[in-house]
1. Of the numbered conditions (1) surrounded by 11 or more Cβ atoms within 10 Å (Cβ to Cβ); (2) more than 13 Å from the chain's Cα centre (by Cα), Val65 fails exactly one; give the number of that condition.
2. For segment 160-194, give me each residue that is assigned to a strand (DSSP E or B) and in contact (Cβ under 8 Å) with a residue 60 or more places away in the chain.
3. Could you please find all residues in segment 69-89 being assigned to a loop (DSSP other than H, G, I, E, B) and modelled with pLDDT under 95?
4. Could you please find all residues in segment 99-133 being touching a helix residue (DSSP H, G or I) at 6+ places or on another chain (Cβ under 7 Å), in a helix (DSSP H, G or I) and more than 20 Å from Gly195 (Cβ to Cβ)?
Amino acid sequence: MNPRRVWLAVYAVAITASLGLGVMLSAQQFSAAPPLDFVQQLPAPKALPEFSLERHNGKIADANVFRGHWSLVFFGFTTCPDFCPLELQKLGKLLNLMGAGDDLQVVFVSVDPERDEQEKLANYVGFFHSQIIGLRGDNSALAAFAQFFGAAYDRSVIIESKLLSVPAGINMPTNAGDQYVVNHSTRVFVVNPDGEFIGSFAPPYEVGDMLSDMQKLMSR
């Protein structure tokens, strides 16, 4: 047999075997990843857009806040009478149970910039856990950031005996005072260390549910 043909045949077999092994290993790695029970995953990760908000410590926050950590993002406001404090208690407990150091952080985004000034926001998030980051900003920046996640919110206020709904992105009327209601999404959104939104926890969720899925995600 022609030596050149023999060499080509051996080369072809080697390439085929190599490709087959690569596919097999990829399939094994994919199947080895434990399935998630509570996170509703997106079809594909979505990279965070460019944004500029303010941290509770007064520093400017951009997408780098999310890089290098797993992040759980929750939208709310500091005068929320029920859901926000209950969920932040759960998220603070989750941080303690994970014992993850800097590997996991919680980001609380205020959707009430008129009332949630920097110092007030700092005191609020610090009450629940030292690893909770508070973000605030002007109404237009907050609306764009919330829209990326699909987090809806608005404000309701009574002015001159009329109920007025103020949508996201719009400043509160100057005569609204501070007695108004904020309606907001109650999902907890998951961002990976590459700064990509990958899914969310939908209520009702418990600490054990989030603990289970976050341990799986962080072990991949």
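The values are calculated or read from the model by the stated rules, or taken from the named source; none is laboratory data. Given the structure is predicted, the values throughout are model-derived calculations rather than measurements. Here the Cβ positions follow ideal geometry from the backbone for every residue, glycine too, while neighbour counts run over all protein chains shown.
1. Result: Val65 fails condition (2) only.
2. Taking segment 160-194 first, the residues assigned to a strand (DSSP E or B) are 162-167, 181-184, 188-191, 194.
Those that are assigned to a strand (DSSP E or B) and in contact (Cβ under 8 Å) with a residue 60 or more places away in the chain: Val182, His184, Val188, Phe189, Val190, Val191, Asp194.
3. Here is the first cut: in segment 69-89, the residues assigned to a loop (DSSP other than H, G, I, E, B) are 69, 77-82.
Answer for segment 69-89, where residues must be assigned to a loop (DSSP other than H, G, I, E, B) and modelled with pLDDT under 95: His69, Pro81, Asp82.
4. Selection gives Phe128 alone.
Table: residues versus (1) surrounded by fewer than 15 Cβ atoms within 10 Å (Cβ to Cβ); (2) outside the structural domain of Val188 (by TED's automatic domain parsing); (3) of a type in the set (Gly, Ala, Ser); (4) in contact (Cβ under 8 Å) with a residue 24 or more places away in the chain.
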position: Glu119; (1), (2), (3), (4): yes, no, no, no
position: Ala122; (1), (2), (3), (4): no, no, yes, yes
position: Ile132; (1), (2), (3), (4): no, no, no, yes
position: Leu135; (1), (2), (3), (4): no, no, no, yes
position: Ala146; (1), (2), (3), (4): no, no, yes, yes
